[in-house]
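Read the structure below first, then the notes.
The values are calculated or read from the model by the stated rules, or taken from the named source; none is laboratory data. Since we're looking at a predicted model, the values are computed, not measured. All Cβ positions, glycine included, derive from the backbone under ideal geometry; neighbour counts span all protein chains shown. Side chains are part of the model used for accessible areas, which takes the heavy atoms of the whole protein and leaves out ligands, DNA and RNA. Shrake-Rupley method; radii C 1.70, N 1.55, O 1.52, S 1.80 Å.
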Amino acid sequence: MMSAIESIGEAWSLGWRIRMRCAHGKRDGMKSIRECLYEADLDMETLVCTREQEFPLSTLAERLKCPRRGSHRVALVFEPPPSRDRATA
Ligand SMILES: [Zn+2]
């Protein structure tokens with residue numbers, strides 16, 4: 001799904017941004033709950049400072065949890081930096 005970027009160090013140095021979104025949904029077991037719409041921009045710099053540069057992006061989602069529900073079902077959205085080549089063309 002992504003290009004060759006595999007670690008948070010790489011993503012950070014290339015100016016990528018990561019958004020996390022709670023993927024808890026509207027159900028909690030059998031009962032219906034209010035959907036959690038928690039969303040946040042992750043601070044790449046802090047991530048790289050607190051983990052290792054080589055920390056794999058693929059396991060990042062497992063380490064995160066929604067601060068509202070404590071749910072580990074979190075989806076990550078990777079946003080590449082806007083292409084400067086195209087902007088100047
Ligand atoms: Zn949530």
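Tabulated values for the structure
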{"read-out": "Average accessible surface area per residue within the stretch 8-83, 1.4 Å rolling probe, Å²", "value": "67 Å²"}
{"read-out": "Simple label model, 7 Å out from Cα along Cβ direction - Q53 to R19, nm", "value": "2.9 nm"}
{"read-out": "Percentage relative contact order, the chain, counting C-alpha pairs under 8 Å, at least six apart", "value": "38 percent"}
{"read-out": "Sum of -39500 (n - 2.57) over DSSP H runs of 4+, divided by residues of the chain (222 nm, nearest 500)", "value": "-6500 deg cm²/dmol"}
{"read-out": "Residues of the stretch 43-75 with amide N under 15 Å of a point placed 7 Å along Cα→Cβ from E10", "value": "53-60"}
{"read-out": "In Å², nearest 10: area of E79 left accessible to a 1.4 Å probe", "value": "60 Å²"}
